Amino acid sequence: MKIEGKCFVFGDNVNTDEIIPARYLNTSNPDELARYCMEDIRPGFGKRDDIKGAIIIAGENFGCGSSREHAPIAIKTAGISCVVAKSFARIFFRNAINIALPIVELEQADEFDEGDFVEVDLEAGIVKNKTKNKTYRIHPYPDFLREIMKLGGWLEYCLKKSGGFGK
């Protein structure tokens, strides 16, 4: 599974209230949440046309704060194809996997600049900064995580594994 796109760079400790500010949580509509993605740290970010297929690059502790699933939903629905960060808050990591938002930990995330073109290969365990012609090794996704991503999230994965129980 390869993901390619232009990157948008954010710093350390981007919390869930910065990803989707609490004042916009009066809806659970993913499209509405996406419009306000990163609104307080980059006004208008969720409404930009050039974020479709883009990759967020961030520092340490991305997604810290509350446990709400609204944050990864806002990112994914805004069109971001992957988040690469030095580290993730544990609950954000789990919520992202649950909705099939690819996320990758990369210690060298601070070597990327806004607008660099990036390729992430989840199977091979490689992140390439094509703009700077640099390649980084990451832990490849295990088979079951790649299958979760392919099927569209944890719920779909569980339904497939259970033979469709509940459908």
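Numbers for the structure displayed
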item	result
Condition check for Phe117: modelled with pLDDT of 95 or more and either closer than 19 Å to Val14 by Cβ or in contact with a Lys or Arg (Cβ under 7 Å, 6 or more places away or on another chain) (or both)	yes
Residue match in the stretch 62-73 (condition: basic (Lys, Arg), assigned to a helix (DSSP H, G or I) and surrounded by fewer than 22 Cβ atoms within 10 Å (Cβ to Cβ))	no
Residue match in the stretch 97-108 (condition: polar (S, T, N, Q) and surrounded by fewer than 16 Cβ atoms within 10 Å (Cβ to Cβ))	yes
Tally, over the stretch 85-111, of residues that are of a type outside the set (Val, Ile, Thr), out of contact with any strand residue (DSSP E or B) (no Cβ under 8 Å at 6 or more places or on another chain) and more than 14 Å from Ile148 (Cβ to Cβ)	3
Within the stretch 41-93, tally of residues that are among the polar types (S, T, N, Q) and modelled with pLDDT under 95	2
Pair list, Cβ < 6 Å and 6+ apart or interchain, from the stretch 28-51 residues that are within 10 Å of Ile75 (Cβ to Cβ) to residues that are assigned to a helix (DSSP H, G or I) and polar (S, T, N, Q)	Ala34/Thr77
The listed residue being of a type in the set (Phe, Trp, Tyr), buried (at least 20 other Cβ atoms within 10 Å of the Cβ), in contact (Cβ under 8 Å) with a residue 60 or more places away in the chain and in a strand (DSSP E or B), out of Phe92, Phe8	Phe8
Residues located in the stretch 97-111, provided they are β-branched (Val, Ile, Thr) and assigned to a loop (DSSP other than H, G, I, E, B)	Ile99
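The values are calculated or read from the model by the stated rules, or taken from the named source; none is laboratory data. Computed from a prediction, not measured in an experiment: that's the story for all the values here. Note that each Cβ is placed from the backbone with ideal geometry, even for glycine, and that neighbours are counted across all protein chains shown.
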